[in-house]
Amino acid sequence: MIKPALSYLDVIRWTRDKFNHPIAAYNVSGEYAMVKAAAKMGYIDEEKIVMEILTSIKRAGADIIITYHALNVAKLLRK
């Protein structure tokens with residue numbers, strides 16, 4: 001497991017390239033809080049940013065993403 005996921009996208013990619021095992025990435029509470037605070041202040045579009053963050057973690061090579069955004073993303077993906 002690699003954490004914090006967002007800060008270590010390069011480590012996720014390096015690990016993906018070096019090992020043939022499932023890679024888990026943990027989108028930690030500080031990253032979640034940062035998004036929530038910026039959205040509350042009106043600085044960002046929360047849905048778009050969350051999807052961009054999770055997409056970047058997946059593109060870096062994570063097979064599993066553990067995130068506090070999971071329930072909201074599940075709802076978004078069902079739309």
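The values are calculated or read from the model by the stated rules, or taken from the named source; none is laboratory data. This one's a predicted model, so the numbers in the text were calculated from it and none came from an experiment. Positions of Cβ are generated from backbone atoms using ideal geometry, with glycine treated the same way; all protein chains shown enter the neighbour counts.
Odds and ends about this structure:
- Subset of region 7-49 that is assigned to a helix (DSSP H, G or I), small (Gly, Ala, Ser) and under 12 Å from the mean Cα position of the chain (by Cα) - its residue that is nearest to residue 67 (Cα to Cα): 29
- Residue check for residue 52: surrounded by 13 or more Cβ atoms within 10 Å (Cβ to Cβ), charged (D, E, K, R) and outside any loop (DSSP other than H, G, I, E, B): no
- Every residue from region 16-26 that is surrounded by 15 or more Cβ atoms within 10 Å (Cβ to Cβ), over 14 Å from residue 59 (Cβ atoms) and not hydrophobic (A, V, I, L, M, F, W, C): 26
- Region 57-75, subset in contact with a helix residue (DSSP H, G or I) (Cβ under 6 Å, 6 or more places away or on another chain) and not aromatic (Phe, Trp, Tyr), residue surrounded by the fewest Cβ atoms within 10 Å (Cβ to Cβ): 61
- For residue 77, the conditions (1) part of a helix (DSSP H, G or I); (2) modelled with pLDDT of 95 or more are fulfilled apart from (2).
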